[in-house]
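The values are calculated or read from the model by the stated rules, or taken from the named source; none is laboratory data. Every value quoted in this text rests on a predicted model; they were computed, and no experiment measured them. Glycine also receives a Cβ, built like all others from the backbone with ideal geometry; neighbour counts cover every protein chain displayed. Side chains included, ligands, DNA and RNA excluded: accessible areas come from the protein's heavy atoms. Shrake-Rupley method; radii C 1.70, N 1.55, O 1.52, S 1.80 Å.
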Amino acid sequence: MLKNHIEELLIQSLLHLKRDGIIPGDVDIQPQLERTRSVDHGEYATNLAMALAKPAGKPPRELAQAIIDRLPNSRQVERTEIAGPGFVNFFLNHCALTGVVRDVLRQGEDFGTQRQLADNRVTVEYVSANPTGPLHVGHGRGAAYGASLSNVLQASGFDVQREYYVNDNGRQMDILALSVWIRYLELCGERVSFPENGYQGEYIYDIARTVRSEDGDKWRFSGHDVFDGLPPDGEAGGDAEAYIDALINKASELMGHEGYVVFFGASIDAILGDIKDDLREFGVEFDTWFSEAQLEESGAIEHAIERLRENGHLYEKDGATWFRASELGDEKDRVVVRENGRTTYFASDIAYFMNKLERGFGKAMYVFGADHHGYIARLKAAAMGLGEDPEKLEVLLVQFAVLFRDGKKVQMSTRSGKFITLRELREEVGTDAARFFYVMRSHDQHLDFDLDLAKSRTNENPVYYVQYAHARICSVFRQLEQNDMRHNSAIGEAALDQLTEPRELALMRAINRYPEIIESAARLRSPHLVAHYLGDLATEFHGYYNAHQFLVDDENVRNARLNLVDATRIVLVNGLAVLGCSAPEEM
RNA sequence: GCGCCCGUAGCUCAGCUGGAUAGAGUACUGCCCUCCGAAGGCAGGGGUCGCAGGUUCGAAUCCUGCCGGGCGCGCCA
């Protein structure tokens with residue numbers, strides 16, 4: 001990166017300043033290099049002189065001159081300038097800019113990615129929706145954000161493991177299996193009363209039909225045997241939870257473990273399979289689907305609880321085992337083993353975190369919906385309770401997305417089962433638009449998702465705007481072939497010094513920003529920066545395209561321009577890929 | 001009540017570890033296709049950065065309080 005090169009120059013200059021006694025040797029200030037807002041101020045600027053003013057006891061502009069005097073010579077820097085209160089501005093040489101074009105063509109899809117740093121392993125856990133139904137549009141944002149975040153982290157040198165935690169254990173699974181069984185009984189012709197807190201969706205019937213087509217009436221029991229003697233459901237003035245628990249007990253009584261496994265297995269296979277397909281079609285991939293049931297079987301949960309106990313963070317109260325989280329920054333203490341002897345989901349979470357560290361990851365990142373923010377304190381407390389550095393656990397919250405159609409909010413409610421699924425959204429607006437729109441805004445910002453805009457094939461649509469730039473470039477190369485010419489990038493490279501139009505310089509500058517954008521996006525966990533950048537890059541390209549003809553007679557200029565345009569194309573492809581969007585050659 | 005997030009142009013939003021004159025898109029107005037894709041470009045107006053203090057060479061950015069909006073506070077997940 002050019003930026004790193006100039007930072008290195010500053011570090012050298014700083015060393016000389018200390019050696020020459022201009023500033024005390026013990027000041028510990030890292031040179032900060034930032035992009036200028038306007039080209040009038042050059043390419044990069046540093047506030048180093050202002051930062052040194054106090055420790056050196058000298059006016060900033062005087063220090064700025066001292067810094068400049070000690071900068072090593074560089075072929076990349078044309079000149080420097082002192083500006084304003086004491087900024088040092090760096091103007092790049094023309095060859096530094098054209099060098100970027102050359103780099104892009106050489107590095108291709110690797111342009112913008114950093115070499116992997118040693119010992120930089122990180123897990124990113126995202127989506128992790130319970131396999132009790134199809135993914136809905138709320139999960140979509142977490143999926144898009146988690147996937148793009150993983151991509152930028154990987155591009156900036158992290159060894160990233162993408163993980164989905166599958167909650168295939170516990171009471172919710174019992175309720176799921178039960179819901180399918182009741183629908184199954186219904187399909188068999190029994191009169192049933194579906195529990196208020198059961199899973200209502202149509203997909204439950206689908207799974208029930210699958211079981212019935214394989215096992216026939218094998219798990220059929222009469223409505224009387226099932227429902228007689230149960231406490232009233234919520235609708236009938238009773239306790240809905242107690243009712244559903246009673247039904248679960250009745251189910252295992254009648255069918256036994258064998259039957260439960262059939263319904264549970266069919267449910268998880270169907271739903272998890274559907275989720276996996278859905279995410280794959282959404283371009284969201286995982287390295288690991290981590291099963292909670294297996295975590296429990298492995299004894300990891302008990303192991304984690306034991307560790308907390310050894311560290312003196314557990315106590316018994318009301319027949320349950322509590323984790324003294326309140327002493328580690330959480331609001332209150334949390335139960336890890338319930339009165340009935342079963343461990344809580346929180347206990348599993350602790351064990352899973354421990355498992356991640358045991359597998360050698362230096363950091364575990366979690367992408368949560370904003371409604372889960374209450375978990376952060378207790379997970380951090382758990383990390384401390386295990387004797388680990390809580391900094392190893394990083395939670396990224398994704399705020400809600402609200403869909404808009406015809407300028408109005410699309411109302412949804414999970415309770416009634418009336419929500420829009422991720423699959424429906426993809427079918428309506430397409431994967432590219434969905435992926436782009438989801439990460440277009442900062443993850444900690446609420447998102448207004450305009451369905452009509454996402455579908456529109458106009459310049460208002462930011463995805464089409466970027467993709468159109470790519471398609472236009474591809475069209476230029478098709479036009480070239482139709483004119484019986486071919487692109488000679490060697491000639492182009494030799495003639496890059498002829499690219500001196502202001503628009504050409506601006507486009508090169510934009511390309512040069514890409515690696516810096518990837519680095520910032522990773523550091524700030526903000527892939528939306530890439531989306532904004534792509535819009536800027538497309539703008540620079542469209543402006544260039546409208547102002548200049550690429551396919552000119554002069555062979556040198558033509559090939560140089562094609563090199564620049566091809567480099568632009570590559571950066572567009574790379575950036576779109578980070579966001580999970582395609583780069584169509586024609587639209 | 002306590003805790004977390006947010007408040008920037010009419011609307012949707014950027015603004016990086018504090019920096020130079022606060023930026024895009026959209027909407028509105030007027031231009032540009034005998035020319036590689038007009039799904040494009042050029043030009044223009046539009047702001048008490050929620051409010052009030054504080055920190056300092058410098059605050060949209062950091063701190064405190066208040067106002068407004070969202071979310072969370074189960075031996076549920």
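Data table
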read-out: Difference of contour (0.36 nm per residue) and Cα-Cα distance, residue A:424 to residue A:106; value: 110.4 nm
read-out: Cα gyration tensor shape of the stretch A:2-92, rounded if a/c is under 1.5, else prolate or oblate by comparing a/b with b/c; value: prolate
read-out: Förster radius 45 Å - calculated FRET efficiency between residue A:524 and residue A:316, Cβ distance, rounded to 0.05; value: 0.55
read-out: Length released on extending from residue A:481 to residue A:37, taking residue separation times 0.36 nm less the Cα-Cα span; value: 155.9 nm
read-out: Solvent-accessible surface (1.4 angstrom probe) belonging to residue A:493, in square angstrom, nearest 10; value: 70
read-out: Computed magnitude of the charge dipole of chain A (debye, nearest 20; Cβ of K, R +1, Cβ of D, E -1); value: 1660
read-out: Degrees separating the helix A:555-578 axis from the principal Cα axis of chain A, which is the longest one; value: 30
read-out: Summed residue charge, Cβ within 15 Å of residue A:502's Cβ, Lys/Arg positive, Asp/Glu negative; value: -2
read-out: Cβ-Cβ FRET estimate between residue A:18 and residue A:498, R0 fixed at 35 Å, reported to 0.05; value: 0.20
read-out: Rounded accessible area of residue A:288 (nearest 10 Å², 1.4 Å probe); value: 30
read-out: C-alpha long axis of helix A:171-187 to longest principal axis of chain A, angle in °; value: 60
read-out: Of all accessible heavy-atom area on chain A, the percent that carbon and sulfur account for (1.4 Å); value: 45
read-out: Förster-model FRET efficiency, 35 Å R0, residue A:215 and residue A:400, C-beta, rounded to 0.05; value: 0.30
read-out: Charge dipole (debye, nearest 20) of the stretch A:499-585; +1 at Cβ of Lys and Arg, -1 at Cβ of Asp and Glu; value: 380
read-out: Sum of -39500 (n - 2.57) over DSSP H runs of 4+, divided by residues of chain A (222 nm, nearest 500); value: -17000 deg cm²/dmol
read-out: In Å², nearest 10: area of residue A:95 left accessible to a 1.4 Å probe; value: 70
read-out: Proximal charge balance of residue A:577 [Cβ under 13 Å; K/R count +1, D/E count -1]; value: -2
read-out: Cα-based helix-to-principal-axis angle, A:2-19 vs chain A, degrees rounded to 10; value: 70
read-out: Listed residue (A:272, A:381, A:227) projecting farthest to the positive dipole end of chain A, Cβ model; value: A:381
read-out: Global geometry of chain A, whether rounded, prolate or oblate, following the gyration tensor of its Cα atoms and the 1.5 cut on a/c; value: oblate
read-out: Computed magnitude of the charge dipole of the stretch A:171-281 (debye, nearest 20; Cβ of K, R +1, Cβ of D, E -1); value: 220
read-out: Difference of contour (0.36 nm per residue) and Cα-Cα distance, residue A:457 to residue A:187; value: 92.7 nm
read-out: Rounded accessible area per residue of chain A, 1.4 Å, Å²; value: 46
read-out: Separation of the residue A:93 and residue A:294 label points, Cα + 7 Å toward Cβ, nm; value: 5.5
read-out: Net +/- balance of residues flanking residue A:8 in space, Cβ distance below 14 Å, scoring K and R +1, D and E -1; value: +2
read-out: Filter on A:250/A:276; A:409/A:455; A:3/A:392; A:332/A:380 - keep pairs with C-alpha separation over 23 Å; value: A:250/A:276; A:3/A:392
